[in-house]
1. Identify the chymotrypsin sites (Phe, Trp or Tyr not before Pro) of the stretch 96-127 meeting these criteria: DSSP loop state and at most 16 other C-beta atoms within 10 Å of the C-beta.
2. What list of ³J(HN,Hα) couplings, whole Hz, do you get for the stretch 104-117 from phi and the Karplus terms 6.51, -1.76, 1.60, once you set θ to phi - 60° and write x for glycine and proline?
3. Rounded to whole Hz and in sequence order, give me ³J(HN,Hα) for the stretch 186-196 from the Karplus expression 6.51 cos²θ - 1.76 cosθ + 1.60, θ = phi - 60°, writing x for Gly and Pro.
4. How much of the accessible area of the chain, in percent, comes from carbon and sulfur atoms when a 1.4 Å probe is used?
5. Which of Ser167, Ser25, Ser257 ends up with the largest GNM mean-square fluctuation for the chain, with Cα atoms connected below 10 Å?
6. Ranked highest first by the average count of other Cβ atoms within 10 Å around their residues, in what order do 87-97, 223-233 fall?
7. Around Tyr92, which amide H atoms from residues at least 5 apart in sequence, or from another chain, sit under 5 Å from its own amide H, with H modelled in the peptide plane?
8. Given a 1.4 angstrom probe, what's the average accessible area per residue across the chain, in square angstrom?
Amino acid sequence: MPISKEYRIVLPLTVDEYQVAQLYSVAQASKNETGGGEGVEVLENRPFENDDYGRGQYTYKIYHLETKVPAYIRALAPKGSLKVHEEAWNAYPYCRTVITNPGYMKDAFHIIIETWHKPDRGTTENVHKKNTDIWTKTEIVDIDIADRTMIQARDYTPKEDPVLFKSEKTDRGPLNYPTWRQDVDPVMCCYKNVDLKFKWLVIGGYVEAMIHRIEQKIFARFHRQVFCWIDLWFGMTMDDIRKLEDSTKNELNKLISDDVKRGTISDE
């Protein structure tokens, strides 16, 4: 049975601020992770409207992973198979993301991430309205962005440490006391439900658990950046963000073709 977990990430932001913050940080992080034939390739970024999710922005990306997955996966997977496709329907404050590997694993692998952004402290139960049987089997994981043990040691930098950072534009931070999630104002929470399937003989269950560990580190690092980059995105409009996304798409196409590898390498 696929593993289901709900990750809760409390942030000292408003829900409206996070819409800009998230998109800005995705653009910057994509550039930081792209180079030497690896990283992010953006194929589509356009408005959408449908009966399932309403109205929002649709994106379709390909992630070229290679050194960004554990060594034993690289050893087992055929050359060229370490590409995952991501489709996202961002109907903020709701977003649905589907990650697949159509070139190799096909129906044997998927990650489905459903996110709600709420103006609370991570106290809403069953925000995704699962039926009782599924909800009781869902593991809740609280991510504290001030806890540096939640990211890879090699990814740590003082500039992206909420315990040390203080915003000049908003006077928020540092988050250097244990009860900050109960005390900060403004406050919001990202509720990320992650359903994962990896059907591979013998090691499938182990790989599912490993992918969840990696997802937790990705969520933790990304949201540490969202907060610590606040002085870079604060005051931007959605028009500013769309222009940034257009320029980032062109820049990523150039970066992925150069010789310098950038960003995270798996420590699994």
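The values are calculated or read from the model by the stated rules, or taken from the named source; none is laboratory data. Computed from a prediction, not measured in an experiment: that's the story for all the values here. All Cβ positions, glycine included, derive from the backbone under ideal geometry; neighbour counts span all protein chains shown. All accessible areas refer to the heavy atoms of the entire protein, side chains included, with ligands and DNA or RNA removed. Shrake-Rupley method; radii C 1.70, N 1.55, O 1.52, S 1.80 Å.
1. Sites meeting the loop and neighbour criteria: Tyr104.
2. Result, rounded to whole Hz: 9, 7, 6, 6, 7, 9, 7, 10, 10, 10, 10, 10, 10, 10.
3. Along the stretch 186-196, the couplings run x, 8, 7, 9, 8, 9, 10, 8, 10, 9, 10 Hz.
4. With neighbouring chains kept in place, the figure for the chain is 53 percent.
5. Among Ser167, Ser25, Ser257, the largest mean-square fluctuation in the Gaussian network model of the chain belongs to Ser257.
6. 223-233, 87-97
7. Placed amide hydrogens put Gln57 under 5 Å from Tyr92.
8. I get 50 Å² per residue for the chain.
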